[in-house]
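Trainee: Would you mind keeping the following structure in view while I ask a few things?
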Amino acid sequence: MAHNNEMIADDIIGYLHAHENKSLLRFITCGSVDDGKSTLIGRLLFESKLIFEDQLAALEADSRKVGTQGDRIDFALLVDGLAAEREQGITIDVAYRFFSTEKRKFIVADTPGHEQYTRNMATGASTADLAVVMIDARKGVLTQTRRHSFIVSMLGVKHVVLCINKMDLMGYAQHVYNEIDEDYRAFAGLLGIADFTTIPVSALEGDNITEHSDRMPWYNGPTLLEHLETVDVETDDQLKPFRMPVQWVNRPNLDFRGFSGQIASGVTRPGDRIKVLPSGKESRIDRIVTHDGDLELAVAGQSVTLTLADEVDVSRGDVIAAADAPCEVADQFEAHILWMSASDMLPGRPYIMKIGARTVSCTPASPKYKINVNTLEELAAKKLGLNEIGVCNISLDREIAFDAYNLNHDTGGFILIDRLTNETVGMGLLNFALRRSSNIHRQAMVIDKVARAAQKNQKPAILWFTGLSGSGKSAIADIVGQKLHALNRHTATLDGDNVRHGLNRDLGFTDVDRVENIRRIAEVSKLMVDAGLIVLTSFISPFRAERQMARSIVEDGEFIEIFVDTPLDVAESRDVKGLYKKARAGEIKNFTGISSPYEEPRAAEIHVDTTKASVEQSASRIVAWLDERRYLG
Amino acid sequence: MIHVTHLQRLEAEAIHIMREVASEAENPVMLYSVGKDSSVMLHLAKKAFFPSVPPFPLMHVDTTWKFRAMYAFRDRMAAESGMDLIVHINQEGLDQGIGPFSHGSSVHTDVMKTQGLKQALDKYKFDVAFGGARRDEEKSRAKERIFSFRNAAHRWDPKNQRPELWKIYNTRKARGESIRAFPLSNWTELDIWQYIYRENIPIPDLYFAAERAVVRRDGMLLMVDDDRYPLAPGEAAETRSVRFRTLGCWPLTGAVESTAATLPEIIQEMLLTTTSERQGRAIDHDSSASMEKKKQEGYF
């Protein structure tokens, strides 16, 4: 037993004081059931946690009933059986387990090891100080060992333990240990895993788990538990430059203004010079305020409230950093992204990004490549699917303070959220800022949009017609264009014919290409708005997210969404171009309404119901709408 | 290097979670059930927002069958914290005379606790509710997220949970959806006790052994806390030195015989004891009502 029952019985106060100073180690176990992962975790729980009598009785009964170890206790049963998890339907998940010894408390993230659970392993690894990579002594370094190690290294888990299990089945032979250790060393070098500890064990027999094994006298290193109890996990974070993302502005009254957050790295003391980012304003730490009294020193991992010597503007999401070693500030990056959603990551689509306490809009470009997690090969990719890892450039709607992920996980790791479903769809690691943003200086022009619009006596805008194929978008847009022309207004028209055959002739009709199609149209429309024109675009533009993106790149009031609402059966019965017939026959793939979705606008500025109004009536209504709102001068 | 202990890391994590909720929720609330976990949560809330008062109210979903000592303790703690205390009772259940003796633990808990909680959250339109649940309590909790989503009908969908990466929490939700936030997810029972001891956090006296009037029924020692206890023929209250490992409705919460009258003695007893925490609760033995099923239905 790792808990000293005699001390508990004789000197509980002494025991409590000793235990108060325990540290915490969070680790992840990488391996599959076949490697003996469940047995290993079960044994660690059993040997170090206090197993209650009722639990032990249940375990013994289960071992006899369903165990695989004859009359012996089957430790794997302490960890949920995979079959039971499958019944619950939550196999694809992370379970957290807890145990403690005299020296440490442990939190184990237990995740499935198969390739389809890459995202779950990454989730477990994101909070781990250490990773235990399991290897079956009979099999050596396998494809899955490489995959697990790659994810561990990508997420920057600092400490790796290579656990060579089932040594009992290999006669406890030293050469087996040496060969696997060497194999792994070569591979770890490629991944930049600088340091790892190799421990030969038998989880089943209990060799080198908590007790040194008599059967491997050639091994002089620590047992697994000894290593877990003693590895240093604190030093690195405290030695890094000071960073604290501001979570909450603490303002109980007019005399107190503090900034609350958890220190991401480094240490701070009253009087330290700091810089608030991204604004770049400097000040000094005045006080470190806590409920237990002011501190003279606060370190990485602590949640504190800081006050500053000067009245500096600081809000949630800002980062307070050491003035002599501040974070960088940028709005375009290269990043590693692991996609976690069944809906693909679409380049050009804006997602919500959360990094530290900051929430911004993030648009990924096409992946530079994706990574085969088994071979580490770089493969060409147009999008990222579930569990795929790729390298992409991303662009944000504003500047943020950041560090490269390999320097600081808290200021370099982010999640991506889908705007419509609110799901967490991806995780990402910032590699570096692209210098492009600072090199392209926007030239301030004397003749600008306002000047051009004034000359034309109109308010420039985009009239964005959206609706099913055959709904009448182009017909209505054409009449609106004629009416505006007759009123001496300056317009331009973008539609499938003039865009698909020219600017976008390289694009098809997959979801990825549809998103890029709309992105280009939106950007061209924006340039035309800058030229002072009223732009009429008629595209199916089936996805809300892209219409939202087009809206977001122009100023308020410049994007007028016009929903040309025609029910599918009506549009199909018109079938002006004969496209529905072909789509139904399977001759056209990804046809909106048939084999690809159309997401109706929820709050279009103008809603045209073509079953109730003619093309002419609809066009007149739109022109009247524009006139009422002073777009026509 | 400054050594950061396991309790300091757990404390910092819980505070981080509370501040995220305070920053991102529209209308958060802290569920307060008067037990030791609630005591720790309230203490952490004071620490998280000091010198401000925590920017949310406390809410107790009262079944009307709590120990009298719990009500007194609750009112004192709320007053000392400076936070608003909302007490919600399921009036329909009360009108129907629902109670543990007349209707059994299952119906009583469902109507007065589960339905009562849903009513209260709907009534006050709370979008995030803090709860004191821990992952080590029960198998189905081991996989529950720190930010756990409930649909408009307050149901939990274990198959559709969002991944939680690093310490970044996605708190976005659609209208009608709500979140249960569990800042004590990574604490164990020993951590809770050790923290109460270190921080000197007040807890109800019922946790400490004292001479109390109890009746032995169905293998449990039940305390006769008020005159609603229907004694069976031949049953009589006897005075014994007992204490409670968990606190709930008094007719459903078994006492254990004990002489542990101080915190170290309680912890000592817990560490040397041979049965796990939830054995004292009648509700978990009710075979028709596994924790997981209850949770899907909206039990906290």
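Trainee: Can you tell me which aspartates and glutamates have their Cα less than 12 Å from the Cα of A:Lys370? Leave out same-chain residues fewer than eight positions away.
Mentor: List returned: A:Glu378, A:Glu388.
Trainee: Could I ask something else about it? For the range A:403-539, with only Lys/Arg (+1) and Asp/Glu (-1) charged at the beta-carbon, what is the dipole magnitude about the Cα centre, in debye rounded to 20?
Mentor: Values: 17 positive and 14 negative charges, 149 e Å.
Here the range A:403-539 has a charge dipole of around 720 debye.
Trainee: Grab the beta carbon distance between B:Lys123 and B:Leu231, set R0 = 41 Å, and tell me the FRET efficiency rounded to 0.05.
Mentor: On the way: r = 37 Å, r/R0 = 0.91.
Working from the Cβ atoms, E equals 0.65.
Trainee: In whole Å, how far is the Cα centre of the range B:1-51 from that of the range A:264-285?
Mentor: 25
Trainee: Another one. Just to confirm the number: angle between the C-alpha axis of helix A:53-66 and the first principal axis of chain A, 0 to 90 degrees, nearest 10?
Mentor: Roughly 80 degrees between the two axes.
Trainee: If r is the Cβ-Cβ distance from A:Ala603 to A:Asp294 and R0 is 51 Å, what FRET efficiency results, to the nearest 0.05? Before the final figure, lay out the partial values.
Mentor: Numbers: r = 50 Å, r/R0 = 0.98.
Once rounded, the FRET efficiency stands at 0.50.
Trainee: Reachable lysines from A:Lys473, Cα under 28 Å, same-chain residues fewer than 8 places away excluded?
Mentor: Of all the lysines, those that pass the test against A:Lys473 - Cα under 28 Å, at least 8 places apart if same chain - are A:Lys449, A:Lys456, A:Lys459, A:Lys483, A:Lys526, A:Lys577, A:Lys581, A:Lys582, A:Lys589, A:Lys612.
Trainee: Dividing the Cα convex hull volume of the range B:52-121 by residue count, how many Å³ per residue is that?
Mentor: On the way: hull volume 5.7 nm³, N = 70.
Once divided by residue count, the hull of the range B:52-121 is 81 Å³.
Trainee: Can you check what the net charge comes to around A:Ile518, using other residues whose Cβ is under 9 Å from the Cβ of A:Ile518 (Lys, Arg +1; Asp, Glu -1)? Show your work: numbers first, answer last.
Mentor: Details: positive: A:Arg514, A:Arg519, A:Arg520, A:Arg547; negative: A:Glu516, A:Glu546.
Computed value for this residue: +2.
Trainee: Figure the gain on full extension for B:Glu26 and B:Arg175 (residue separation times 0.36 nm, minus the Cα-Cα span) and round it to one decimal in nm. Can you show the working numbers first?
Mentor: Numbers: separation 149, 0.36 × 149 = 53.64 nm, distance 1.14 nm.
Computed gain between B:Glu26 and B:Arg175 is 52.5 nm.
Trainee: Measuring from label point to label point, each 7 Å out along Cα→Cβ, what is the B:Gln96 to A:Ala325 span in nm?
Mentor: Spacing of the two 7 Å Cα→Cβ label points: 6.4 nm.
Trainee: Going by Cα centres, the range A:317-383 and the range A:569-617 are how many Å apart?
Mentor: Each part's Cα centre sits 35 Å from the other's.
Trainee: How much length is gained if the chain between A:Glu282 and A:Leu507 is pulled fully straight, taking 0.36 nm per residue apart and subtracting their Cα-Cα distance, in nm to one decimal? Write down the numbers at each step before the final one.
Mentor: On the way: separation 225, 0.36 × 225 = 81.00 nm, distance 4.87 nm.
Gain on stretching A:Glu282 to A:Leu507: 76.1 nm.
Trainee: Something else about it: Please state the Cα pair-distance histogram of the range A:526-630 with 5 angstrom bins from zero: what percent is in each bin?
Mentor: 2, 10, 18, 21, 19, 15, 10, 5, 1, 0
Trainee: Please list, short to long, the whole-number percent of alpha-carbon pairs of the range A:501-571 in consecutive 10 angstrom bins beginning at zero.
Mentor: 17, 48, 30, 4
Trainee: Now, a different point. Identify the trypsin sites (Lys or Arg not before Pro) of the range A:572-622 meeting these criteria: DSSP loop state and at most 10 other C-beta atoms within 10 Å of the C-beta. Can you show the working numbers first?
Mentor: On the way: sites: A:Arg574, A:Lys577, A:Lys581, A:Lys582, A:Arg584, A:Lys589, A:Arg602, A:Lys612, A:Arg621; in loops: A:Lys577, A:Lys589, A:Arg602, A:Lys612.
Answer in residue order: A:Lys577, A:Arg602, A:Lys612.
Trainee: Taking the Cα centre of each part, how many Å lie between the range A:492-533 and the range A:200-233?
Mentor: 63
Trainee: Between rounded, prolate and oblate, where does the range A:225-353 land on the alpha carbon gyration tensor, with a ≥ b ≥ c its root eigenvalues, rounded for a/c under 1.5, else prolate if a/b exceeds b/c? List each step's numbers first, then the result.
Mentor: Numbers: a/c = 1.96, a/b = 1.26, b/c = 1.56.
Oblate.
Trainee: Rounded to the nearest 10 degrees, what's the angle between the helix B:36-49 long axis and the longest principal axis of chain B, both from Cα atoms, 0 to 90?
Mentor: Roughly 30 degrees between the two axes.
Trainee: Right, here's the next one. In bins 10 Å wide, starting from 0, what share of all Cα pairs of the range B:1-158 does each bin hold, as a percent?
Mentor: It works out to 9, 35, 38, 15, 3, 0, 0, in whole percents.
Trainee: Run the reach check for B:Lys113 against lysines, Cα to Cα strictly under 23 Å, same-chain hits fewer than 8 apart removed. What comes back?
Mentor: The qualifying lysines are B:Lys36, B:Lys66, B:Lys123, B:Lys125, B:Lys139, B:Lys293, B:Lys294, B:Lys295.
Trainee: Quick one: which of A:Lys22/A:Lys166; B:Lys47/B:Lys167; A:Lys240/A:Lys275 span more than 24 angstrom between C-alpha atoms? Show your work: numbers first, answer last.
Mentor: Working: A:Lys22/A:Lys166 31 Å; B:Lys47/B:Lys167 19 Å; A:Lys240/A:Lys275 16 Å.
Table pairs above 24 Å Cα-Cα are A:Lys22/A:Lys166.
Trainee: To test your reading of the geometry: what angle, between 0 and 90 degrees and rounded to tens, separates the Cα axis of helix B:68-81 from the longest principal axis of chain B?
Mentor: Around 30 degrees separate the two axes.
Trainee: List, largest first, the extents of the alpha carbons of the protein assembly as shown along their principal axes, each in whole Å.
Mentor: Dimensions of the protein assembly as shown along the principal axes of its Cα atoms: 98, 76, 66 Å.
Trainee: What nm distance separates the two modelled labels at A:Val570 and A:Ser315, each placed 7 Å from Cα along Cα→Cβ?
Mentor: Computed distance between label sites A:Val570 and A:Ser315 equals 4.4 nm.
Trainee: Continuing with this model, one more query. Given an 8 Å cut-off on Cα distances and at least 6 residues of separation, report the relative contact order of chain A as a percent.
Mentor: Numbers: 1257 pairs, mean separation 54.3, N = 633.
Computed over chain A, the figure is 9 percent.
Here, each number is a calculation from the coordinates, and none is a lab measurement. All of these numbers come straight from a predicted model, not from anything done at the bench. A quick note on method: Cβ atoms are made from the backbone with ideal geometry, for glycine too, and the neighbour counts reach across all protein chains shown.
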